[in-house]
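The values are calculated or read from the model by the stated rules, or taken from the named source; none is laboratory data. This is a predicted model, so every value here is computed, not measured. Don't worry about glycine lacking a Cβ; one is built from the backbone with ideal geometry, like all the others, and counts go over all protein chains shown.
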Amino acid sequence: MRNIRALPILAIIVLMVGVGSSIYVNSQKNSSTSITINNEEYCVSQFSEMVEEKSIEADAGFPLDQLINKIGVASPETHEYTIIGSDGYQKTVTWENMQAGIITKGRESVFPDLPKAYRIKEIVEIKVEE
Amino acid sequence: MEKKKLIVGILVFGSLWGFAECVIGPLLRNANLPAGAIMTGVFAFGLMAASRMFYKVRGMALGMGLVAGAMRLFNPFGGCQLCSGIAIMAEGLLFELIWSRVPMALDEFSSLTNKISLGIVTSYGIYVLGYVITQVLTPMVSAAGFYFGNLVGILPQILASGLLAAVIGGVMAPVLFFLRDVDISRIRNQVYYPVAFGISAFCWYVVVSNSPWMAGI
């Protein structure tokens, strides 16, 4: 390695980036137990009054497409939806994905047609993208 | 060293890595431990660095990543493991890229500081960049598509979660440097091949037979 003397400095920078990011992520962590959908706040307990539960393999929850319809999003098929977790982890999905997906009582998304990376935990917001 | 011996080395080390990802990884996740960082720091970095110490050739980590990633991807009953499979293969490629600048003799790494630094930089590098590659490729090959805003949004989380992998890499590296005195080419073929094939077969057997149980079948 040509610049072996720079390696310890690089390692220190790496550690500082890791520590700095950890502090930032923890400071941004959203401890809310409610879920904001299209700028309106809901509790998970409200979902059972709005739509019927359904099961996907081992998971049971509320169909995401029905929730969006119930909330009154106009032309839902023309939008995309960004699902955001309490730690800032987020994924954007299409209406087709929403039609297959559910949100569990534990506020976790389950999409049978998508990889596990789309299982977002402790969901705090579902943004309706233009 | 014989080419055949190297290929079998790739198979056995890749199988051990895949075994760890398929069997130990889910156990760590079920225990709510930071499985990704632990798997990268201990098994991905540990096994790839160990193979470099043992065989002293470039390219092995890439082959190991392909074997381990294939085990994860084609895990017959485990369902879609796309993200993990891509991440493992990416980590193999990234290790090769980072260590392409590391001399084969490793004499320059005589000081403990340099060994620890190499472990920190490598482990953090393969974890963070592997994570980013996965976040780009997985949506691209799935039905949802890739959104740049999602990647930017989770970048702080990726950089933060890599800290544990970096620390583990820093602890592992000085220990792994002890392996560089082991000369694999001195192991007799009558011992090397049966042991290597036996370990590989065991790993694949356990992963395949374990998959229905892990999938809840």
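Below, the figures for the structure above:
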| quantity | calculated |
| --- | --- |
| Residue tally, condition under 23 Å from B:GLY41 (Cβ atoms) and in a helix (DSSP H, G or I), over the stretch B:109-150 | 28 |
| Residue match in the stretch B:189-211 (condition: touching a Lys or Arg at 6+ places or on another chain (Cβ under 7 Å), part of a helix (DSSP H, G or I) and among the hydroxyl-bearing types (Ser, Thr, Tyr)) | yes |
| Filter result for B:PHE197 (surrounded by fewer than 18 Cβ atoms within 10 Å (Cβ to Cβ), touching a Pro at 6+ places or on another chain (Cβ under 6 Å) and either hydrophobic (A, V, I, L, M, F, W, C) or closer than 17 Å to B:CYS83 by Cα (or both)) | no |
| Flag if B:ALA160 is within 8 Å of chain A (Cβ to nearest Cβ) and modelled with pLDDT of 90 or more | yes |
| Search result, residues across the stretch A:6-31 that are of a type in the set (S, T, N, Q) and either exposed (fewer than 12 other Cβ atoms within 10 Å of the Cβ) or modelled with pLDDT of 90 or more (or both) | A:SER21, A:SER22, A:ASN26, A:SER27, A:SER31 |
| Test: residue in the stretch B:165-175 that is within 7 Å of another protein chain (Cβ to nearest Cβ), within 18 Å of A:SER21 (Cα to Cα) and modelled with pLDDT of 90 or more | yes |
| Qualifying residue in the stretch B:119-135 (condition: closer than 19 Å to A:ILE120 by Cα and in contact with a Phe, Trp or Tyr (Cβ under 8 Å, 6 or more places away or on another chain)) | no |
| Of the criteria (1) more than 10 Å from chain A (Cβ to nearest Cβ); (2) farther than 27 Å from B:ALA196 by Cα, which one B:GLY63 fails | (2) |
| From the options B:LEU163, B:LEU179, B:LEU155, residue that is within 22 Å of the chain's Cα centre (by Cα), in a helix (DSSP H, G or I) and crowded, with 20+ Cβ neighbours inside 10 Å | B:LEU163 |
| B:GLY18 being at pLDDT below 95 and buried (at least 24 other Cβ atoms within 10 Å of the Cβ) | yes |
| Condition check for B:PHE146: within 25 Å of B:MET71 (Cβ to Cβ) and more than 17 Å from the chain's Cα centre (by Cα) | no |
| Those residues of the stretch B:21-46 which are among the aliphatic types (A, V, I, L, M) and crowded, with 23+ Cβ neighbours inside 10 Å, in sequence order | B:ALA37, B:MET39, B:ALA44 |
| Any hit, the stretch A:27-39, residues being within 30 Å of B:ALA160 (Cα to Cα), part of a strand (DSSP E or B) and charged (D, E, K, R) | no |
| Subset of the stretch B:95-108 that is assigned to a helix (DSSP H, G or I) and within 14 Å of chain A (Cβ to nearest Cβ) - its residue that is surrounded by the fewest Cβ atoms within 10 Å (Cβ to Cβ) | B:ASP107 |
| Candidate set from the stretch A:28-41 (those that are more than 10 Å from chain B (Cβ to nearest Cβ) and among the polar types (S, T, N, Q)); member that is nearest to A:TYR81 (Cα to Cα) | A:ASN38 |
| Residue that is surrounded by the fewest Cβ atoms within 10 Å (Cβ to Cβ), among those in the stretch B:110-124 that are in contact with a helix residue (DSSP H, G or I) (Cβ under 7 Å, 6 or more places away or on another chain) and more than 8 Å from every other protein chain (Cβ to nearest Cβ) | B:LEU112 |
